[in-house]
Amino acid sequence: MTGLDTNILVQFLVNDDRARAESVKRFFVTAEDKGVALYISNPAVLELLYVLGSVYGYRPDEILAALASMLSVPIFIFDNHDVIHELVERGGKENIDLEDLFIGLISKTAGCDTTITFDKKASRSDLFKMLRNI
């Protein structure tokens, strides 16, 4: 298995540098041909959410569509496949930033009852509680 950095995922999805995007495409095809799994860690997903929204201006629904398509790529092994799937499912329904939703879902999966925050927007989700309310 080989890990992927966020910048590889960005080129895969955004394709804003033709040479790099072609290199990524060739690498993925070669990995698939050789049966090599490509690991995508939680930090890489979190950074991807941030970069796509903040740097590239993607809307949350576009980011969720990209993640949904990535879930169907057989060579991609996510740190938390089920969490990514739930993020895609809940992302369009929750009124919080995708990064915060991802953090809350990871905590939930780890067995946490809640995630404590100062973020008013995040605290609207059942995954979070404001510190002052405890």
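The values are calculated or read from the model by the stated rules, or taken from the named source; none is laboratory data. Only a predicted model underlies this, so the values are computations on that prediction, with no experimental measurement involved. Here the Cβ is made from the backbone with ideal geometry for all residues, glycine too, and neighbour counts use every protein chain on show.
What to note about this one:
- Residues of the range 8-37 satisfying the condition of being in a helix (DSSP H, G or I), loosely packed, with under 13 Cβ neighbours inside 10 Å and not acidic (Asp, Glu): Arg18, Ala19, Arg26, Val29, Thr30, Lys34
- Listed by first and then second residue, the pairs with beta-carbon distance under 8 Å, at least 6 apart or on different chains, first residue in the range 51-71 and among the hydrophobic types (A, V, I, L, M, F, W, C), second part of a loop (DSSP other than H, G, I, E, B) and at pLDDT below 95, are Leu64/Gly92.
- Among residues of the range 7-34 that are closer than 26 Å to Leu64 by Cβ, those with a Cβ under 8 angstrom from a residue that is surrounded by 16 or more Cβ atoms within 10 Å (Cβ to Cβ) and polar (S, T, N, Q), sequence gap 6+ or separate chain, pair up as Asp17/Gln11; Arg20/Gln11; Ala21/Gln11; Val24/Gln11.
- Number of positions in the range 76-96 that are out of contact with any Phe, Trp or Tyr (no Cβ under 6 Å at 6 or more places or on another chain) and either crowded, with 18+ Cβ neighbours inside 10 Å or assigned to a helix (DSSP H, G or I) (or both): 14
- When Val51, Val73 are screened for being β-branched (Val, Ile, Thr) and in contact with a helix residue (DSSP H, G or I) (Cβ under 7 Å, 6 or more places away or on another chain), only Val51 passes.
- Residue in the range 38-59 that is assigned to a helix (DSSP H, G or I), acidic (Asp, Glu) and under 12 Å from the mean Cα position of the chain (by Cα) present: yes
- Of the residues making up the range 88-134, those that are closer than 28 Å to Ser72 by Cα and among the small types (Gly, Ala, Ser) are Gly91, Gly92, Gly104, Ser107, Ala110, Gly111, Ser125.
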